[in-house]
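A quick write-up on the structure given underneath.
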Amino acid sequence: MEQIIQQMVNGVSLGSIYALIALGYTMVYGIIKLINFAHGDIYMVGAYIGFFLTTYLSIGFFPALILSMIICSLLGVIIEKVAYKPMRNSTRIAALITAISVSLFLQYGMMYFVGPETRTYPNILPNSQIKLFGTEAVIDIKNIYILVVTIVLMVLLQYVIYRTKTGKAMRAVALDRDASELMGIDMNKTISYTFAIGSALAGAAGVLVGTYYNTINPLMGAVPGLKAFIAAVIGGIGYIPGAVFGGFFLGITETTVSAFGGSLYKDAVAFAILIVVLLVRPNGIFGSNTKEKV
Amino acid sequence: MNGLSDLYRLLIIKKKKGECILMKKTKMLSLMMVMIVMASFLIGCGADSGSGNDSDTIKVGLNYELSGNVATYGTDLSDGVEMALEEINANGGLLGKQIEVIKMDNTSDSAEAANISTRLITREKVVTILGPATSGNTKGAIPISTQNKVPLVSASATADDVTVDSNGNVREYIFKTCFSDSYQGITMANFAYNDLGNTKAAILTENTSDYSIGITNNFREEFTNLGGTVVAEEAYQSKETDFKAVLTNIRAANPDVILVPGYYEEVGLIIKQARELGLNVPVLGGDGYDSPKIVELAGAEALNNVYYSNHYSPMDTAEDVVAFREAFQGKFNKEAGAFHALGYDLGYFFADAVERAGEATPEKIKDAMAETIDFTGITGTLSIDELHNPVKSVTILELVDGEPTFLKKLEP
């Protein structure tokens, strides 16, 4: 029994990281139908910003988290203006290739500046564990931090999209770009907001992962980026609660596979699920063609 | 995304292959003629290599990783080798001759290691090649040494198949002066069973690394033979960061010791996460733990009750080790690491073989090396066995609050 609880805890904490990255993925896709492959690398940049802030300026966890989110959102907006905006009216494959180039540019640009070696975060969160229900199953305080931050950010995101004017503009652009422009919505501004929010979420994930796993490197964004992409597709890309569901689903699936002794096949299982979902429900478990997507 | 760029490269290669097929026959013919001319030139070079022995110096080639991704290993080793050879020259040299060192950079690339070996042998006419540092680059240089019958000695290529070919036959001209991966596995099994008194072991292997698999297989065999049982075996891949699921499985098996034969980058995280899950049993490993990074990754408090085998410990209080450390400190103004010590021993190992050979020719040196018995160095006393591997002592270190502490030296 405690085995099952422990593995569920492991799965949920892994899943919350995927969910956090998937949120940004799904948002950008929902608005401008672009699979932003550079998203995982913005997460990497966020981790490095957090690293420099906590190591060299020795500031605390929450200020570092917020500063990293702000810098990442600026980076996201700049990337959109420089790389994606000129491609807005070209084919989707051209935009996709641009996204891949931006991703490689960020990875190897970062490697040029900070070197390829692994860096370690200082201890900025309390390092203690809580025993669950008096059993041997333990949960780390850092797990709780990640979980809480993920849920708070998700609720905040739902609020922004459904309760604010900017959110309304985003939903309008997602529904019909030309019509919303005719209605006087500033499309450039709306897309900039989307990238800013999406990238800020990636930056937050970077700092959380840096403090949790204690190790960062310039290529760390590639695999979680792909996993988050799978999570977004499973939940229905463009649909925000779907991304969160997909993240947790993927995390728990991977842990379950490992728990049954298949630790070397967990990536294969993740991609197999992606294939099955694409075959059976191409729009994801929650996605549908008619649904309004943001 | 890397996958995509690889795919693109693959497409380009395919295209090139297509062009290759179209290559005209005349082109092939001229290519063959050029090759014949080149071959005769090389044979010409080989023929007069005998005259090199009459020179007034003994030429030794250093083929090391002085740049590229494992440059620190290569630089440390060649510093150690050069320090030893300078000492020997200062004491009158070998057989009345001075040693001439020809040092070249193989850029951490196994193809380049082969090129450099060729150049050292055919142009510089060295009597022995020392290096390269890693098993992969050493394997690149092996065919050149074998074909030209010039001995090659690596001080740090720990893979089992460096000195032995795939059919189990010993490579006549290839030697190494460090213990093999299999030897570390056997040593740690004995240490766990006899010294720590453990009988239930769990193993967590990096299944993409020959090094890790080598240690695992030998540990499992030896530990079971001694009477212990392996209660859980799990695997991971390099660059992974989350090990909690496999560690939870291991915890359920209730082992009293865990073997994690990996490199410090993953091992640091594994130990940290194991301690977080409440797995406080001893952790065992090999020389891959030898990096200050492991403390940064795992945190000092997690690194207790961790034991690993290594070539050398600066905390060793043996007289010759202390003398070496002081001499090294005086020359380079820093603490000598394991690779410096291995390089230093390699220099003296070569000198010892030349002295016993009585003549500085590749053939005689090779025979003398194969007959090495009880050569005493900083990293222990070694004898070369019939497979050209050393039989030598292993140092076992214990991590106490992240600090490597000398525990014991196990004689073979």
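The values are calculated or read from the model by the stated rules, or taken from the named source; none is laboratory data. Only a predicted model underlies this, so the values are computations on that prediction, with no experimental measurement involved. Glycine also receives a Cβ, built like all others from the backbone with ideal geometry; neighbour counts cover every protein chain displayed.
Points to keep in mind about this one:
- Boolean, B:ASN194 is farther than 24 Å from B:PRO404 by Cα and in a helix (DSSP H, G or I): no
- In segment B:260-304, residue farthest from the chain's Cα centre (by Cα) [restricted to those that are assigned to a helix (DSSP H, G or I) and more than 11 Å from chain A (Cβ to nearest Cβ)]: B:ALA274
- Unique residue being modelled with pLDDT of 95 or more and either under 29 Å from B:ASP374 (Cα atoms) or surrounded by 17 or more Cβ atoms within 10 Å (Cβ to Cβ) (or both) when the list is B:THR128, B:THR158: B:THR128
- Filter pass, A:VAL209 being of a type in the set (Val, Ile, Thr) and more than 12 Å from the chain's Cα centre (by Cα): no
- Odd one out for A:PRO241 among (1) under 18 Å from the mean Cα position of the chain (by Cα); (2) surrounded by fewer than 24 Cβ atoms within 10 Å (Cβ to Cβ); (3) on the phi > 0 side of the Ramachandran plot; (4) not hydrophobic (A, V, I, L, M, F, W, C): (3)
- Unique match (being of a type in the set (A, V, I, L, M, F, W, C) and buried (at least 22 other Cβ atoms within 10 Å of the Cβ)) among A:LEU208, A:LEU264, A:LEU226: A:LEU208
- Identification of helices (runs of 4 or more DSSP H) wholly contained in segment A:184-294 with 3 or more residues that are free of Cβ contacts under 8 Å to residues at least 12 places away in the same chain yields A:266-280.
- Pick from segment A:258-281, criterion within 11 Å of another protein chain (Cβ to nearest Cβ) and under 18 Å from A:ILE17 (Cα atoms), ranking: farthest from the chain's Cα centre (by Cα): A:SER258
- Residue match in segment A:46-62 (condition: of a type in the set (S, T, N, Q) and under 15 Å from the mean Cα position of the chain (by Cα)): no
- Filtered by the rule that a residue be closer than 19 Å to B:THR381 by Cβ and at pLDDT below 90, segment B:323-365 gives B:ALA336, B:ALA338.
- Within segment B:68-108, the set of residues being over 23 Å from B:TYR312 (Cα atoms) and among the aliphatic types (A, V, I, L, M) comprises B:ALA90, B:LEU94, B:LEU95, B:ILE99, B:VAL101, B:ILE102, B:MET104.
- First in segment B:216-239 and away from chain A (no Cβ under 14 Å) and acidic (Asp, Glu), second anywhere and surrounded by fewer than 19 Cβ atoms within 10 Å (Cβ to Cβ) and not in a strand (DSSP E or B), Cβ under 7 Å, 6 or more apart: B:GLU222/B:ASN190
- A Cβ distance below 8 Å, combined with a sequence gap of six or more or placement on separate chains, defines the contacts here; from segment B:159-180, residues that are under 14 Å from B:LEU346 (Cβ atoms) reach residues that are acidic (Asp, Glu) in the pairs B:THR177/B:ASP345.
- The set of residues from segment A:1-16 being crowded, with 24+ Cβ neighbours inside 10 Å and aliphatic (A, V, I, L, M) comprises just one member, A:LEU14.
- For segment B:162-174, the set of residues classified as buried (at least 17 other Cβ atoms within 10 Å of the Cβ) and either part of a loop (DSSP other than H, G, I, E, B) or among the charged types (D, E, K, R) (or both) consists of B:VAL162, B:THR163, B:ARG171, B:TYR173, listed by residue number.
- Only one entry in B:GLY61, B:GLY80 is crowded, with 20+ Cβ neighbours inside 10 Å and not in a strand (DSSP E or B), namely B:GLY80.
- Each residue in segment B:247-258 was checked for being crowded, with 18+ Cβ neighbours inside 10 Å and over 21 Å from B:ASN304 (Cα atoms), and 1 pass.
- Selection status of B:PHE243, within 11 Å of chain A (Cβ to nearest Cβ), modelled with pLDDT of 85 or more and buried (at least 24 other Cβ atoms within 10 Å of the Cβ): yes
- Search result, residues across segment A:99-142 that are closer than 27 Å to A:ILE42 by Cα, of a type in the set (Gly, Ala, Ser) and more than 20 Å from the chain's Cα centre (by Cα): A:GLY109, A:GLY115
- Within segment B:250-278, the set of residues being more than 24 Å from B:PRO292 (Cβ to Cβ) and in contact with a helix residue (DSSP H, G or I) (Cβ under 6 Å, 6 or more places away or on another chain) comprises B:ALA252, B:VAL257, B:LEU277.
- Only one of the listed residues (B:ASN207, B:ASN169, B:ASN198, B:ASN194) is of a type outside the set (D, E, K, R) and closer than 30 Å to B:LYS59 by Cβ. That residue is B:ASN169.
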